[in-house]
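Asks: One structure is given below, represented as structure tokens, and several questions about it will come after.
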Amino acid sequence: MEVRLLVDDVVYRRDADVRELFSAPRGFVNSELAALYGVEAPGASPVAFVPVEFPEDSPRAGILTLGAFLAMNAHPTETSPTLRGKYLRERLFCQEVPPPPDDVDLNLDDEPGEEPRTLRERLDAHREDPQCAGCHAFIDPPGYLFDHFDSTGRWRDDENGHAIDTSGSLDDVPLADARDLADLLSTSTRLPDCMTLQFYRHAQGRLESDSEARALHALQKRFAASGYRFKDLVLAVALSDGFRTLSTEDEP
């Protein structure tokens with residue numbers, strides 16, 4: 001519900017730059033989420049959601065720092081930089097992350113009697129396997145940015161008694177934490193370009209073909225010219241030749 005209310009506010013009520021969904025320090029909470037986030041929310045109850053502004057020093061900004069995203073991309077009792085980084089790569093930047101090889105050992109547990117390590121330490125050791133190194137070097141660095149949030153999205157200061165290191169990167173851009181990522185996404189062009197592609201696929205009910213590259217590029221330019229307002233993207237897709245016309249197989 002908190003994500004739906006945020007989308008409704010940014011996209012429909014204010015018709016704002018859609019990148020605010022991933023960067024604005026605000027949200028909608030009920031009493032349980034207010035307790036989880038540690039914010040005051042007068043009027044909130046278990047069923048009533050109210051708008052809140054996160055403090056300037058809050059670690060939260062945008063959908064990626066809300067419990068809905070953080071809990072969905074974690075294990076039941078443990079966080080997951082890999083799942084969170086994979087979501088970022090695939091859903092926000094339309095990049096392909098191949099599945100792990102069938103014969104790779106996915107166990108990251110500490111050995112019996114071994115001093116508990118942080119998940120980051122265990123993942124770094126996992127990346128020593130050449131079969132795992134390539135993909136994990138691609139998806140883990142942005143996933144580490146969320147490590148201060150546990151599997152429910154609650155803030156935590158340490159893991160197994162060890163200080164948490166949230167430093168990471170996105171395509172060689174060093175970032176300190178999730179708020180740094182939110183600042184980066186607030187001016188990103190790759191994010192709305194991917195959103196255009198994802199919405200085009202949704203509208204068509206299929207993946208795009210190579211022959212539609214020019215039509216997609218035109219839609220991305222129109223989306224940018226509109227100030228990245230989602231309602232303009234919907235209209236642009238509905239009126240585009242790529243959506244309204246059908247080509248034969250031998251047409252370029």
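The values are calculated or read from the model by the stated rules, or taken from the named source; none is laboratory data. For clarity, every value in this text was computed on a predicted model and none was experimentally measured. Neighbour counts run over all protein chains shown; Cβ positions are idealised from the backbone, glycine included. Protein only, heavy atoms only, side chains kept; ligands, DNA and RNA dropped before computing areas. Shrake-Rupley method; radii C 1.70, N 1.55, O 1.52, S 1.80 Å.
Asks: Name the residues in segment 153-192 that are crowded, with 20+ Cβ neighbours inside 10 Å, without any contact (Cβ under 8 Å) to a residue 40 or more places away in the chain and charged (D, E, K, R), would you?
Replies: Across segment 153-192, there are no qualifying residues.
Asks: Would you check which residues across segment 122-134 are in contact (Cβ under 8 Å) with a residue 24 or more places away in the chain and open to solvent by 40 Å² or more (accessible area, probe 1.4 Å) and list them?
Replies: Scanning segment 122-134 gives Asp129, Gln131.
Asks: In segment 76-102, which residues are within 18 Å of Thr166 (Cβ to Cβ) and either touching a Cys at 6+ places or on another chain (Cβ under 8 Å) or open to solvent by 20 Å² or more (accessible area, probe 1.4 Å) (or both)?
Replies: Scanning segment 76-102 gives Glu78, Thr82, Leu83, Lys86, Tyr87.
Asks: For segment 199-213, name all the residues that are of a type in the set (Lys, Arg) and exposed (fewer than 10 other Cβ atoms within 10 Å of the Cβ).
Replies: Arg206
Asks: Restricting to segment 28-45, count the residues that are among the hydroxyl-bearing types (Ser, Thr, Tyr) and surrounded by fewer than 16 Cβ atoms within 10 Å (Cβ to Cβ).
Replies: 1
Asks: Next question. With the condition being more than 30 Å from Thr196 (Cβ to Cβ) and at pLDDT below 95, I'd like the helices (runs of 4 or more DSSP H) fully within segment 63-172 carrying at least 1 qualifying residues.
Replies: 119-126, 130-143
Asks: Tell me which residues, restricted to segment 215-225, are open to solvent by 60 Å² or more (accessible area, probe 1.4 Å) and closer than 15 Å to Arg244 by Cα.
Replies: Passing the criteria: none in range.
Asks: In addition: Identify the residue in segment 46-55 that is touching a strand residue (DSSP E or B) at 6+ places or on another chain (Cβ under 6 Å) and not β-branched (Val, Ile, Thr) and, among all such residues, is most open to solvent (accessible area, probe 1.4 Å).
Replies: Glu53
Asks: Return the pairs, sorted by first residue and then second, in which the second residue is part of a helix (DSSP H, G or I) and acidic (Asp, Glu), the first residue lies in segment 6-27 and is open to solvent by less than 10 Å² (accessible area, probe 1.4 Å), the beta carbons are less than 7 Å apart, and the residues are 6+ apart or on different chains.
Replies: Listed pairs, sorted by first residue: Val10/Glu20; Gly27/Glu2.
Asks: May I pose another question? Can you pull out the residues in segment 194-215 that are under 23 Å from the mean Cα position of the chain (by Cα), in a helix (DSSP H, G or I) and free of Cβ contacts under 8 Å to residues at least 60 places away in the same chain?
Replies: Listed by number, the residues that qualify are Thr196, Phe199, Tyr200, Arg201, His202, Ala203.
Asks: Within segment 63-85, can you find the residues that are within 15 Å of Ala182 (Cα to Cα) and out of contact with any Lys or Arg (no Cβ under 9 Å at 6 or more places or on another chain)?
Replies: Matches in segment 63-85: Ile63, Arg84, Gly85.
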